[in-house]
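The values are calculated or read from the model by the stated rules, or taken from the named source; none is laboratory data. Here the structure is a predicted model, which means the values were calculated and not measured. All Cβ positions, even for glycine, are placed from backbone atoms using ideal geometry, and neighbour counts span all protein chains on display. These accessible areas exclude ligands, DNA and RNA; they are computed on the full protein's heavy atoms, side chains included. Shrake-Rupley method; radii C 1.70, N 1.55, O 1.52, S 1.80 Å.
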Amino acid sequence: MKHLLDTRELTREEAIDILDIADYMAQVKAENKKLSLLKDKLVVNLFFEDSTRTRLSFESAEKRLGADIMNFAAKGSSVSKGESLKDTAQTLAEYNADAFVIRHSADGAPYRLATAGWTNIPVLNAGDGTHAHPTQALLDAMSLRKFKAARDGVDSRGTDLAGLRVLIVGDILHSRVARSNLWLLRTLGAQVAFVAPPTLLPLDTHAWDAEIFHDFDEAIATAPDAVMMLRIQKERMNAAYFPSAEEYTELWGLTKDRFEALEEMGKPFAILHPGPMNRGLELCSEAADANESWVLRQVSNGVAVRMAVLYQLLCDGTAAKLYAENPGNLEL
Ligand code: CP
């Protein structure tokens, strides 16, 4: 792969290989080791939109792999003077960049950067508009795979998500996370169902390979293995998509009552949220802070996944190559 632009382009085998590399990188992180796989490589992080987790986890991943880093934030840059994406990218390429990590509010900006011929530098999409967020979907898949492996008492390496039922709940309309997860989770064999008010679903969901529910309680009654709550994206909303925050929480929030309904199923389940969370709106604190919550483990897995995709793109890395070379001398 030259670029990582969305999860739709990944085959099952490619996705499993990235997750296997990520499991290895998680061990490196857990043992607080650093590798020199990206020594002498310069990664440029281009953030045209705000971010905490994605920006810092890419930076952490790059440092843990020994890369040199340049951080570009649109705020405080010459973007305010009207400099275009093309001119910004070509300027930064002159510093001998080996990879661009880009977050942008415009759908398709990473594609444009990768394919317009402005530079020949690999591009990693760190989230574009409402379109795609491939590394978020990969870290979610890594978390779900770890949940499934722990539940079944097996090694996660080499496995997919077959048999897992995942509910994705909330603002699907504005969510790049929902789209990237649909493509990746289906590729890995999970069943996916969306739960949302009709106003927060795109018009083309009939063509999606997923069940659609408008009633959250009905969806919970299908005994999901995982519930992924999405953030209400107030910053992208230019209309009243639901009558009030109270009504949204009542109908589509993971409230204490719904959390208890999941517990009463009497089987293991996982709660995911990509963050940042609106506590009290899309989920209650009891659920966010429960043992079943993977929210902080998702953050940790985000570093490992970003190490994996950087290794894959910049070193032609595979899990087999990594095991053979065993940098960090891990117990495999
Ligand atoms: N999940 C996610 O993309 O979070 P940030 O916006 O903080 O990067």
Any chance segment 86-99 includes a residue that's open to solvent by 10 Å² or more (accessible area, probe 1.4 Å), acidic (Asp, Glu), within 16 Å of the ligand (Cβ to nearest atom) and modelled with pLDDT of 95 or more?
-> no
Residues in segment 283-332 that are of a type in the set (D, E, K, R) and either in a helix (DSSP H, G or I) or in contact with a strand residue (DSSP E or B) (Cβ under 9 Å, 6 or more places away or on another chain) (or both): how many?
-> 6
In segment 131-150, which residue that is in contact with a Lys or Arg (Cβ under 7 Å, 6 or more places away or on another chain) and part of a helix (DSSP H, G or I) is nearest to the ligand (Cβ to nearest atom)?
-> 135
Number of the exception - residue 120 against (1) within 21 Å of the chain's Cα centre (by Cα); (2) under 26 Å from residue 315 (Cα atoms) | (1)
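Rundown of residues vs (1) of a type in the set (Phe, Trp, Tyr); (2) open to solvent by 20 Å² or more (accessible area, probe 1.4 Å); (3) more than 14 Å from residue 137 (Cα to Cα), yes/no style:
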site	(1), (2), (3)
4	no, no, no
10	no, no, no
18	no, no, no
29	no, yes, yes
40	no, yes, yes
49	no, yes, yes
53	no, yes, no
Inspect all residues belonging to segment 55-77 and state whether any of them is exposed (fewer than 13 other Cβ atoms within 10 Å of the Cβ), of a type in the set (Lys, Arg) and either within 26 Å of residue 233 (Cβ to Cβ) or free of Cβ contacts under 8 Å to residues at least 12 places away in the same chain (or both).
-> yes
Kindly indicate the residue of segment 151-192 that is among the hydroxyl-bearing types (Ser, Thr, Tyr) and not in a loop (DSSP other than H, G, I, E, B) and also least open to solvent (accessible area, probe 1.4 Å) among those meeting that condition.
-> 180
